[in-house]
Amino acid sequence: MSLNDSWMQRDLAVLWHPCTQMKDHEQLPVIPIRRGDGVWLEDFDGKRYLDAVSSWWVNVFGHANQRINQRIKDQLDQLEHVMLAGFSHQPVVELSERLVQITPPGLDRVFYTDNGSTGIEVALKMSFHYWRNSGQPNKQRFVTLTNSYHGETVAAMSVGDVALFTDTYKPLLLDTFKVPSPDCYLRPDGMSWEEHSRNMFAHMGQTLADHHREIAAVIVEPLIQGAGGMRMYHPVYLQLLREACDRYDVHLIHDEIAVGFGRTGTMFACEQAGITPDFLCLSKALTGGYLPMAAVLTTDKLYQAFYDDYSTLRAFLHSHTYTGNPLACAAALATLDIFEQDRVIEANKTLAARMTTATAHLADHPQVAEVRQTGMAVAIEMVADKASKTPYPWQERRGLKVYQHALQRGALLRPLGSVVYFLPPYTITEEQIDFLAEVATEGIDIASRASVSVAVAPGAPANFHDPG
Ligand SMILES: *Cc1c(COP(=O)(O)O)cnc(C)c1O
């Protein structure tokens, strides 16, 4: 038995994997990874996979990065962890100073949690709580875009709209306002992203005008709706949203958990709209993909609404045990150093341009409706019919064919439903981008030709996606 097989068997005997129908593993192997090296992951049989999705969008500077490793090792010998209530430490202070410095003006306070979903919970709770503390307790509801994703905990699911992740749990969820997304894949033929995004704002404007007295906050994934299939829109939408939130006294929550740290071409997506949200949620690439941590930045105005004598019960009494973990902070500090020292945002422009040229030919593919890109994210939308953009029935799992082909060829390219995408580490080379495009093209050819038969669950919603 190969080493891979042996680890796989031991794994399948005891593990329950995330976002997985475990029965799939009767056919699909689990791939045990022995080591990482830059953009490469290597399994126990020595086969290498180019990590085209940055291991679920977290890894920006490669695996086993020497500079991040060293910083964590140094921190490890100093202090591994201390509770953050009543105590503090050097890396958490330094990281907070730097986050305040590099984010848009006005975001002056940092609250930490230990993953993205709980970061979202914090922003939602703080917003709700702010309005209570400010004598407007009727402002309790949240506005969200269709096809959005904000995480897996119950309130985070409530503001999400990807049926696959949330439908089952509907009875548990908060009642939110769902506004049609500015998703430019759905724009009329010949219309620009900007015009479509601007037009779609009418729905948001109307919801805010009608209901602002009961609305605490609007939450968006700026520029890219990630788990919803890498759907994209124009920054003008964020500008209009900022103006409307100001006009109606509603908070604006930017979930930059996936898009923060350079993914959209700027350090933070909100920079492209020239705005400051009331809450900025960061995670994923924050630690370079090393350790779980999230940061929620907010304004001094928000902070002040909680600052009072203890007995007024205005304090934000929310905590997660590993809040502000020093090792995670050290990884984040090393990551920010690399951004600065290597002038990464600037250097990424060359890579992004190569991603454009390497995938351009796919726009003519008979089974591709669109190739779209924002910065360092490219998505290729496979469809059953190109002219009408008719999707493949989700049950056919065409994306899985691409995934399997890519694994054979040595790439981790895991589509979202029928959307094949690259979200590579920024340490990828132009030649490696070409390789990914080649593998994706082959995979899309194979997936288009495949004849599939499926068992269809009755009453399943139309907008199901395969797990990302
Ligand atoms: C991944 C993600 C989350 C959730 O983060 P977790 O760390 O997985 O809980 C929330 N919002 C967006 C936009 C994400 O991509």
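Rule-based calculations on the coordinates, nothing more; no lab input. Since the model is a prediction, treat every value here as computed from it, not as a measurement. For neighbour counting, all protein chains shown are included, and Cβ atoms are generated from backbone atoms with ideal geometry for every residue, glycine included.
Structure notes:
- Computed about the Cα centre, the dipole magnitude for the range 147-198 is approximately 100 debye when only Lys and Arg (+1) and Asp and Glu (-1) carry charge, each at its Cβ.
- Too-long pairs where the Cα-Cα distance tops 29 Å, listed order kept, from Lys23/Lys386; Lys178/Lys284; Lys178/Lys401; Lys125/Lys178; Lys23/Lys389; Lys284/Lys349: Lys23/Lys386; Lys178/Lys401; Lys23/Lys389
- Magnitude of the charge dipole, the range 285-388, Cβ model with Lys/Arg +1 and Asp/Glu -1, debye to 20: 100
- Simple rule: put +1 on each Lys or Arg Cβ and -1 on each Asp or Glu Cβ in the chain, find the dipole, and look at Gln395, Gln101, Thr359; the Cα lying farthest toward the positive end is Gln395.
- Candidates per GluC sites (Glu not before Pro) in the range 35-128, loop by DSSP, up to 13 other Cβ within 10 Å: Glu80
- Looking at the chain alone, DSSP beta bridges between its own residues are antiparallel in about 65 percent of cases.
- Of the trypsin sites (Lys or Arg not before Pro) found in the range 39-124, those that fall in a DSSP loop while having at most 16 other beta-carbon atoms within 10 Å are Lys47.
- Chain lengthening between Ser88 and His318 when straightened (0.36 nm per residue, less Cα-Cα): 81.1 nm
- Debye log10 I(q)/I(0) for the range 193-294, one point scatterer per Cα, at q = 0.11, 0.22 Å⁻¹: -0.34, -1.18
- With all projection directions averaged, the alpha carbon convex hull of the range 216-362 covers 11.4 nm².
- Around Ala273: net Lys/Arg minus Asp/Glu count, Cβ-Cβ under 11 Å: -1
- Antiparallel bridges, percent of DSSP beta bridges restricted to the range 134-239 (to nearest 5): 20
- Computed over every Cα-Cα pair of the range 72-208 and binned at 10 Å starting from 0, the pair-distance distribution P(r) comes out as 10, 25, 32, 22, 10, 2 percent.
- Two-site FRET efficiency, Arg34 against Lys170, from Cβ-Cβ distance with R₀ of 51 Å, rounded to 0.05: 0.80
- Debye, to nearest 20: dipole size of the chain, +1 on Lys, Arg Cβ, -1 on Asp, Glu Cβ: 480
- Inverse mean reciprocal Cα-Cα distance (Kirkwood Rh) of the chain, Å: 23.1
- Look at the dipole of the range 340-456 built from charges on Cβ: of Phe435, Leu413, Pro425, the Cα furthest out on the positive end belongs to Leu413.
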